[in-house]
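The values are calculated or read from the model by the stated rules, or taken from the named source; none is laboratory data. Owing to the predicted nature of the structure, the values given are computational and were not obtained by experimental measurement. Positions of Cβ are generated from backbone atoms using ideal geometry, with glycine treated the same way; all protein chains shown enter the neighbour counts.
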Amino acid sequence: MTGIPVSSSTGALSSAELRAAIEPLREDIRLLGGMLGEIVREQSGDDIFTLVERARVESFRVRRSEIDRAQLEEMFAQVDTADAIPVIRAFSHFALLANVAEDIHRERRRAIHVRAGEPPQDSSLAATYAKLDAANLDPISAARALRGALVAPVITAHPTETRRRTVFETQHRITELMRQREWVSGDPVETEAVDQQLRRQILTLWQTALIRLHRLRIQDEIEVGLRYYDASLFGVVPQINAELRDALRSRWPDTDVLSKPMLQPGSWIGGDRDGNPFVTADVVRRATHRAAETVLEHHLAELEALERELSMSARVVSVTADLNRLADASGDDSAFRADEPYRRAVRGLRLRLTASAARILGHRPTHAVDGDLPGYALPAELLRDLEIIDASLRSHGDGTVADDRLAHLRNTLEVFGFHLSGLDMRQNSEVHETVVAELLAWAGVHPDYQSLTEDERVRLLAGELATRRPLAGPQAEFSELTTKELGILRAAADAVERIGPEAVPNYIISMCDSVSDMLEVAILLAEVGLFDPDGEDGPYCAVGIVPLFETIDDLRHGAETLTATLEVPIYRALVANRGECQEVMLGYSDSNKDGGYLAANWALYRAELDLVRAARKSGIRLRLFHGRGGTVGRGGGPSYDAILAQPPGAVEGSLRITEQGEIIAAKYAEPRPARRNLEALVSATLESTLLDVEGLGDDAAPAYAILDELAEIARVAYADLVHDTPGFVEYFKASTPVAEIGALNIGSRPASRKPTESISDLRAIPWVLSWSQARVMLPGWYGTGTAFETWVGGDADRLAVLTDLYERWPFFRTVLSNMAQVLSKSDMGLAARYSELVTDVALREEVFGKIASEHTRTIAMYRAITGHDNLLWDNPALERSVHNRFPYLEPLNHLQVELLRRYRSGEDSVGVRRGIQLTMNGLATALRNSG
């Protein structure tokens with residue numbers, strides 16, 4: 001690939017200063033693209049290289065309106081499938097290399113800002129501290145607001161990461177080499193040496209298969225999730241927690257603010273079985289075992305390094321009596337360490353942790369040491385011993401030593417314990433109902449639980465929860481479903497017993513819409529010993545029961561469901577014994593698929609307002625768990641802005657948030673982006689908790705009323721297309737590659753929860769991915785234009801009201817900003833090509849006509865409300881990416897349509913199938929998200 005032209009016609013590139021600022025980015029893209037082009041020529045020959053170059057040049061001519069898109073379509077229609085494959089690979093690899101160049105450029109620009117002494121940027125902790133200082137907060141009130149503070153990014157199962165691990169690692173090496181090239185830029189010899197390494201890595205990339213031959217197993221996904229701990233989280237998370245605690249306590253010295261780590265990652269991988277038949281008891285055991293193994297091996301390795309480092313001699317320093325006792329208790333009688341009390345003490349810690357690891361894991365850990373000391377029952381016991389070492393070091397002036405590896409190990413142990421990250425369990429409420437009904441029938445409690453009314457169910461379940469009587473005896477025989485579910489729950493209970501309650505902290509109920517849905521889970525937890533009606537202080541459950549409100553209707557009634565559940569005495573007592581804290585999860589994906597972009601966003605906001613009121617009335621502390629996906633259609637977008645856009649009282653010091661798909665690798669594959677993204681989560685949580693960020697004041701009620709109207713208009717417009725247009729499902733399946741996504745091998749889950757033709761049963765990930773591939777991006781905007789246009793009705797005063805809300809209200813501004821980002825990635829010209837795959841002409845014209853009209857309407861209303869013609873006026877980095885990179889997507893889209901046409905016409909060859917899969921991979925990489 002040769003260098004790309006970069007136009008200065010867009011608003012973000014209008015000044016010479018800004019053009020100069022992006023020149024290094026242009027140079028990096030030229031460098032990487034040029035190397036790739038050379039490799040394509042060497043490896044695939046001049047003819048393929050000429051075809052790639054022709055496709056590139058013609059695509060830019062289309063973008064500059066120099067030729068009609070039909071000419072490009074005709075060119076690709078004539079391409080042999082065997083020749084199409086290297087063309088697809090070339091543009092896919094260029095997209096990946098462009099990602100590297102953009103990431104490096106962001107680092108470069110950030111470093112320039114720091115060196116220039118500019119104020120810290122929003123979403124950084126430094127900027128947040130400045131805001132807190134300016135607010136002159138009352139320390140006691142601030143510390144109270146942060147009681148139980150928690151920020152938990154939860155890594156979910158990884159079904160939308162289209163890159164193979166091998167490709168991921170090669171990309172990482174290219175990124176490191178580009179950083180190194182910047183460091184040696186003044187030395188031509190060293191620069192050339194780096195360039196040679198870059199060529200080797202790009203050659204390796206070219207010769208590596210982009211797509212997997214086989215679908216990932218959950219076991220593979222578990223390992224993928226764990227790799228981010230060594231890659232960044234072990235280093236960054238404890239560091240942020242320590243710095244955050246020090247920063248806040250230095251500001252509010254008389255408080256015990258953040259007595260526990262605020263930042264605590266979680267995981268769903270291996271515990272989320274909603275619609276995934278491959279999650280079994282063995283998978284749960286593997287997920288919890290591998291997590292514990294990962295962290296225990298990490299602790300043992302750090303202790304081994306600490307033992308080597310702490311070589312202080314008793315002949316030189318005087319240690320504390322506690323340290324001497326710790327050293328003597330180790331049983332280490334080596335003459336070589338007789339005068340090295342720290343090494344003997346740490347050896348004792350290693351012996352005890354080895355015993356703990358052997359008990360938890362059932363085998364001898366890698367970094368084990370031989371000895372005969374009892375293991376630690378709890379991480380807190382090891383922490384106390386580390387504190388003895390810390391105090392002794394400081395007693396003889398070695399505070400700087402104590403502040404290094406030892407301090408980091410203490411902070412690591414505090415947050416990761418012996419469990420690493422809590423594994424959430426998740427299952428659909430329908431499954432719980434079926435299993436509980438079978439248990440109750442077998443035990444003779446009720447022969448037909450499912451025939452009962454809701455009130456009857458609640459009375460029966462509450463009565464059962466008050467007893468310790470198990471429903472299933474040892475000889476009980478159940479259906480395959482019930483046997484599997486009980487096995488999974490027993491595996492979770494075993495993990496809690498071996499590792500501690502942190503190992504399985506929550507049980508999430510998908511499609512929860514009633515009190516009985518909540519109590520059924522309590523019954524199942526009681527059956528495996530995780531719920532005790534007669535705990536020391538009353539009913540106690542080691543696992544939190546979390547309702548997930550997903551559809552628009554469930555969100556509207558979520559507060560009612562929560563209130564009614566809290567009115568059940570035994571459940572209210574259970575919440576009291578869990579620190580008066582109740583977690584509620586909000587589903588962004590299904591609510592969007594159900595009601596469309598604007599209706600879903602407003603339903604979520606309204607649900608939060610209602611839940612906050614319900615929690616305050618009930619006297620409990622509410623913690624919200626946001627089930628956001630990588631794309632805007634699934635709740636994606638900048639996390640910092642999204643958190644600040646929450647309604648008043650919805651954060652209150654804590655939140656959990658899912659991380660999915662390519663977003664995980666983009667955020668956590670390296671320490672620098674990991675720190676930046678984790679800081680953004682913490683910063684937004686602090687600001688939302690301690691500062692007034694909504695900005696509406698007394699105007700909140702009128703603003704809410706306006707959004708009520710807008711959301712309903714948008715919902716009706718969306719339903720008219722998606723739910724009420726005859727043949728819409730047929731159109732969707734024909735005009736997008738949704739049917740082919742299952743062959744992409746990007747995750748362990750089936751594309752649908754069950755085999756039906758219903759949109760509601762299709763998983764949100766393939767729903768969003770399909771529209772993204774076809775460049776429609778429908779889940780991120782459809783219905784919004786009609787809502788705005790209808791509500792304004794040509795009235796300038798009404799338009800001014802929306803403009804005012806956009807300028808003052810973070811929620812409204814974020815909704816429009818995220819929508820504009822999606823619209824900037826859409827392309828109705830390309831979408832029209834996909835619509836031609838629909839053979840029913842009348843259906844095609846009706847559905848695509850609605851989509852195209854709404855697209856035009858939505859962009860027009862965005863411009864009218866914001867006063868900006870440029871959709872990306874507030875995101876110049878993305879604007880540069882779209883402007884420079886998107887012509888390279890053109891060939892991928894055209895080739896995908898052409899290959900889909902051939903495949904669906906009966907050309908079921910390996911080459912055609914492979915080509916389709918490669919285009920999906922390339923487009924997901926280039927768009928930087930999939931589902």
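The set of residues from region 556-585 being in a loop (DSSP other than H, G, I, E, B), more than 29 Å from residue 715 (Cβ to Cβ) and under 31 Å from the mean Cα position of the chain (by Cα) comprises 577, 578, 579, 580. Here region 50-79 is the region considered, the condition is being exposed (fewer than 14 other Cβ atoms within 10 Å of the Cβ) and of a type in the set (Asp, Glu), and the residue that is farthest from residue 915 (Cα to Cα) is 66.
Within region 608-631, if we keep just the residues that are farther than 17 Å from residue 654 by Cα and surrounded by 24 or more Cβ atoms within 10 Å (Cβ to Cβ), the residue that is modelled with the highest pLDDT turns out to be 629.
When 523, 509 are screened for being modelled with pLDDT of 95 or more and in contact with a Ser or Thr (Cβ under 9 Å, 6 or more places away or on another chain), only 509 passes. Checking each residue in region 475-503 for being charged (D, E, K, R) and either within 26 Å of the chain's Cα centre (by Cα) or under 22 Å from residue 414 (Cα atoms) (or both) picks out 497, 498, 502. Please indicate, with yes or no, whether at least one residue in region 387-399 is out of contact with any Ser or Thr (no Cβ under 6 Å at 6 or more places or on another chain), part of a helix (DSSP H, G or I), crowded, with 17+ Cβ neighbours inside 10 Å and basic (Lys, Arg). Within region 387-399, none of the residues are out of contact with any Ser or Thr (no Cβ under 6 Å at 6 or more places or on another chain), part of a helix (DSSP H, G or I), crowded, with 17+ Cβ neighbours inside 10 Å and basic (Lys, Arg). Could you give me the residue pairs with C-beta distances under 6 Å whose first residue belongs to region 860-882 and is without any contact (Cβ under 8 Å) to a residue 40 or more places away in the chain, whose second residue is surrounded by fewer than 17 Cβ atoms within 10 Å (Cβ to Cβ) and outside any loop (DSSP other than H, G, I, E, B) wherever it lies, and which are 6+ apart or on separate chains? Here the result reads 869/863, each pair linking region 860-882 to a residue that is surrounded by fewer than 17 Cβ atoms within 10 Å (Cβ to Cβ) and outside any loop (DSSP other than H, G, I, E, B). Scanning region 831-858 for residues that are surrounded by fewer than 20 Cβ atoms within 10 Å (Cβ to Cβ), of a type outside the set (Lys, Arg) and either modelled with pLDDT under 95 or under 15 Å from residue 777 (Cα atoms) (or both) turns up 832, 852, 853, 856.
Restricting attention to region 881-931, the residues being within 17 Å of residue 735 (Cα to Cα), hydroxyl-bearing (Ser, Thr, Tyr) and part of a helix (DSSP H, G or I) number 2.
Candidates 187, 274: the one that is more than 19 Å from residue 421 (Cα to Cα), touching a residue at least 24 places away in the same chain (Cβ under 8 Å) and acidic (Asp, Glu) is 274. Only one of the listed residues (508, 523, 488) is among the β-branched types (Val, Ile, Thr), in contact (Cβ under 8 Å) with a residue 60 or more places away in the chain, buried (at least 20 other Cβ atoms within 10 Å of the Cβ) and more than 24 Å from residue 580 (Cα to Cα). That residue is 488. When we screen 536, 580 for residues that are surrounded by fewer than 22 Cβ atoms within 10 Å (Cβ to Cβ), over 30 Å from residue 823 (Cα atoms), without any contact (Cβ under 8 Å) to a residue 40 or more places away in the chain and not aliphatic (A, V, I, L, M), the only hit is 536. Restricting region 447-463 to residues that are of a type outside the set (Gly, Ala, Ser) and either touching a residue at least 24 places away in the same chain (Cβ under 8 Å) or crowded, with 17+ Cβ neighbours inside 10 Å (or both) leaves a set whose member that is nearest to residue 532 (Cα to Cα) is 461. I'd like to check something: does region 492-504 contain any residue that is part of a helix (DSSP H, G or I), farther than 19 Å from residue 519 by Cβ, in contact with an Asp or Glu (Cβ under 8 Å, 6 or more places away or on another chain) and modelled with pLDDT of 95 or more? No, that holds for no residue.
Results for (1) at pLDDT below 90; (2) in contact with a helix residue (DSSP H, G or I) (Cβ under 7 Å, 6 or more places away or on another chain), shown as yes or no for each residue.
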site	(1), (2)
78	yes, no
94	no, yes
124	no, yes
128	no, yes
140	no, no
146	no, yes
151	no, yes
155	no, yes
168	yes, yes
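Considering every residue within region 808-820, establish whether at least one is touching a Gly at 6+ places or on another chain (Cβ under 7 Å), assigned to a loop (DSSP other than H, G, I, E, B) and outside the structural domain of residue 88 (by TED's automatic domain parsing). Checked against the condition, which is being touching a Gly at 6+ places or on another chain (Cβ under 7 Å), assigned to a loop (DSSP other than H, G, I, E, B) and outside the structural domain of residue 88 (by TED's automatic domain parsing), region 808-820 yields at least one hit.
Among the residues of region 294-312, is any assigned to a loop (DSSP other than H, G, I, E, B), buried (at least 19 other Cβ atoms within 10 Å of the Cβ) and modelled with pLDDT under 95? Within region 294-312, not a single residue is assigned to a loop (DSSP other than H, G, I, E, B), buried (at least 19 other Cβ atoms within 10 Å of the Cβ) and modelled with pLDDT under 95. Condition check: assigned to a helix (DSSP H, G or I) and surrounded by 14 or more Cβ atoms within 10 Å (Cβ to Cβ). Does residue 412 satisfy that? Against the criterion (assigned to a helix (DSSP H, G or I) and surrounded by 14 or more Cβ atoms within 10 Å (Cβ to Cβ)), residue 412 qualifies.
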